[in-house]
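A short worksheet on the structure shown next.
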Amino acid sequence: MEEKIAYKLLLKQYCEQVLLDRIATTQQAMNEAQAAANNESKSSAGDKYETARAMSHMEKDMHARQLLAHQQELHALRAINVQTIYQLPTAGAFIQTTTTLFFIGAGLGKQLVNKATIIFLSPSSPLALQLAKKKVGDEIEFKGKVAILDIY
């Protein structure tokens, strides 16, 4: 039991680090887009200058939205309890099926952690919501039918 909780703690920390890296990368891209907008010099073709500035601002706004999404996901992840052994798939649960390993915490997709391929799901993702209604022994449709072997 302690081993299972320690493993989930490791997975949560992994998620947190990936999200922190994404936040840093997005912040840097946002700063670069702002710098590009600030450095755009007036040319004799005024429209070209305005277009370049507008494009830089649009890029900065896109990065700002991504940054906010990453920050919100990190905040939600930090609120998840992995100290509990769950009977049903929920936020903070690890699910082992006949073919795939899942961790419900943050939507990072397929990741390699300690030589194991794990699919990290957002608690609100369609697959996590499908899993939420299942228990050990039940089957789910994931690239064919797979049985749930363990939940914790």
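For this structure, a couple of remarks:
- None of LEU112, LEU108, LEU121 is farther than 14 Å from LEU9 by Cα, in contact with a Cys (Cβ under 7 Å, 6 or more places away or on another chain) and either among the small types (Gly, Ala, Ser) or modelled with pLDDT of 95 or more (or both) except LEU108.
- GLN87 vs. criteria assigned to a loop (DSSP other than H, G, I, E, B) and in contact (Cβ under 8 Å) with a residue 24 or more places away in the chain: yes
- Scanning the range 123-152 for residues that are of a type in the set (S, T, N, Q) and touching a strand residue (DSSP E or B) at 6+ places or on another chain (Cβ under 8 Å) yields a single hit, GLN130.
- Residues located in the range 74-84, provided they are touching a Leu at 6+ places or on another chain (Cβ under 9 Å), surrounded by 17 or more Cβ atoms within 10 Å (Cβ to Cβ) and either small (Gly, Ala, Ser) or part of a loop (DSSP other than H, G, I, E, B) (or both): VAL82
Results for (1) outside any helix (DSSP H, G or I); (2) at pLDDT 95 or above; (3) farther than 21 Å from SER125 by Cβ, shown as yes or no for each residue.
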site: ALA36; (1), (2), (3): no, no, yes
site: SER44; (1), (2), (3): yes, no, yes
site: ALA52; (1), (2), (3): no, no, yes
site: GLN72; (1), (2), (3): no, yes, no
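- Members of the range 90-122 that are within 10 Å of the chain's Cα centre (by Cα) and assigned to a loop (DSSP other than H, G, I, E, B): GLY105, ALA106, GLY107, LEU108, SER122
- Residues being in contact with a Phe, Trp or Tyr (Cβ under 7 Å, 6 or more places away or on another chain) and loosely packed, with under 15 Cβ neighbours inside 10 Å - total across the range 93-131: 1
The values are calculated or read from the model by the stated rules, or taken from the named source; none is laboratory data. Bear in mind that the values here come from a model prediction, so they are computed numbers and not experimental data. Please note: Cβ atoms are built from the backbone with ideal geometry, for glycine as well, and neighbour counts cover all protein chains shown.
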